[in-house]
Amino acid sequence: MSLIKDIDDREMPLLDHLIELRNRLLYSVVAIFIGFVVCYFFADKIYAFLTRPLAEVCLQNTIGDDRPACTRMIYTALHEAFFTYVKVAFFAGAFLTFPFVAAQIWLFVAPGLYRHEKQALLPFLIATPILFFTGGAVVYYIVFPLAWKFFLSFQTPGGEGSLPIMLEARVAEYLDLVMKLIFAFGLCFQLPLALTLLGRVGLVTADGLARSRRYAIVAAFVVGAVLTPPDVISQISLALPIIALYEVSILMVRFAEKRRREREAAEAEGDAAGASGP
């Protein structure tokens, strides 16, 4: 908890707050830019990593006379490949520097919090990037192989009087889909943290969340339908983790309520002891 102790608790004038905000934003922008520059030199390797699930599915599935289901990716505009690499570098740079940016947000907000509030929020700050990376790993290692296999199943070799249907994936469209899914899963994995914070301040209760379970299940499938491609596998792959995270959230909110009651009881005992003292 040395980070908490090192943060100055004194009141600051408005101008000092604005200067502090400017500095934190500047540090964050510089960190993201440095991450972008570094990642640009490895953009081809990062893109190869992002396309690996599709490449593996293509090699495992054949069409017609044992041909791979897909053999290449294309770009249809002269600048498309370049800007795709730029987006890959920015995406990877923002992904890697996210913990630093979150730390800057914490350092800006923390001086306005009480010590017990800092102690309560710091674990959430640490858990946020961990859960975001976990969501990205789930979609990369579990959802991508299932979804790409489903999409490739619509290819046909053609025959007499018909033309084959073959995948010619564009690099920009593939990257946009991958980034959308990774961010969608990363954000959805923040659900336990968000609900637990709301439970700490009394805006939601564990019993209320439990009573709303049926609505949460419907909402999970709606979110899965909106944020994922229009196939059942991807939608269920996002909806099921959201439902599981919702159940985890109920347990975490119940634990937070218990801790809050214990703290309030201890404060009440302290006030009562102080009032009865000499």
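Computed values, structure above
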| item | result |
| --- | --- |
| Selection status of Y215, more than 26 Å from F151 (Cβ to Cβ), modelled with pLDDT of 85 or more and part of a helix (DSSP H, G or I) | yes |
| Options R261, R213; residue that is surrounded by 12 or more Cβ atoms within 10 Å (Cβ to Cβ), more than 17 Å from the chain's Cα centre (by Cα) and of a type in the set (D, E, K, R) | R213 |
| Check on F133, over 19 Å from L54 (Cα atoms), of a type outside the set (S, T, N, Q), surrounded by fewer than 19 Cβ atoms within 10 Å (Cβ to Cβ) and outside the structural domain of P229 (by TED's automatic domain parsing) | yes |
| Candidate set from segment 52-73 (those that are among the β-branched types (V, I, T) and surrounded by fewer than 18 Cβ atoms within 10 Å (Cβ to Cβ)); member that is modelled with the lowest pLDDT | T62 |
| Segment 151-168, residues that are of a type in the set (A, V, I, L, M) and surrounded by 13 or more Cβ atoms within 10 Å (Cβ to Cβ) | L152, M166, L167 |
| Segment 216-232 - residue that is in contact (Cβ under 8 Å) with a residue 24 or more places away in the chain and within 16 Å of K180 (Cβ to Cβ) and, of those, surrounded by the most Cβ atoms within 10 Å (Cβ to Cβ) | T228 |
| Criterion (touching a strand residue (DSSP E or B) at 6+ places or on another chain (Cβ under 7 Å) and either crowded, with 19+ Cβ neighbours inside 10 Å or in contact (Cβ under 8 Å) with a residue 40 or more places away in the chain (or both)) met by exactly one of V171, V204 | V171 |
| Residues of segment 150-170 that turn out to be basic (K, R) and assigned by TED's automatic domain parsing to the domain that holds C58, as a count | 0 |
| Output for segment 233-242, where each listed residue is surrounded by 17 or more Cβ atoms within 10 Å (Cβ to Cβ) and either more than 20 Å from the chain's Cα centre (by Cα) or within 19 Å of L131 (Cβ to Cβ) (or both) | S237, L238, A239, P241, I242 |
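Listed here are the residues, each with its yes/no results for (1) surrounded by fewer than 17 Cβ atoms within 10 Å (Cβ to Cβ); (2) assigned by TED's automatic domain parsing to the domain that holds V253; (3) touching a Cys at 6+ places or on another chain (Cβ under 9 Å); (4) modelled with pLDDT under 80.
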| site | (1), (2), (3), (4) |
| --- | --- |
| Y75 | yes, no, no, no |
| Y85 | no, no, no, no |
| F90 | no, no, yes, no |
| G93 | no, no, yes, no |
| I105 | yes, no, no, no |
| G112 | yes, no, no, yes |
| E117 | yes, no, no, yes |
| A127 | yes, no, no, no |
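To keep it simple, each residue is scored yes or no on (1) at pLDDT below 85; (2) closer than 29 Å to F83 by Cα; (3) in the same structural domain as T71 (by TED's automatic domain parsing); (4) polar (S, T, N, Q).
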position: Y140; (1), (2), (3), (4): no, yes, yes, no
position: F185; (1), (2), (3), (4): no, yes, no, no
position: L197; (1), (2), (3), (4): yes, no, no, no
position: L209; (1), (2), (3), (4): no, no, no, no
position: V226; (1), (2), (3), (4): yes, yes, no, no
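The values are calculated or read from the model by the stated rules, or taken from the named source; none is laboratory data. In this text, all values refer to a predicted model and were calculated from it rather than measured experimentally. Every residue, glycine as well, gets a Cβ built from its backbone with ideal geometry; the counts of neighbours run over all protein chains shown.
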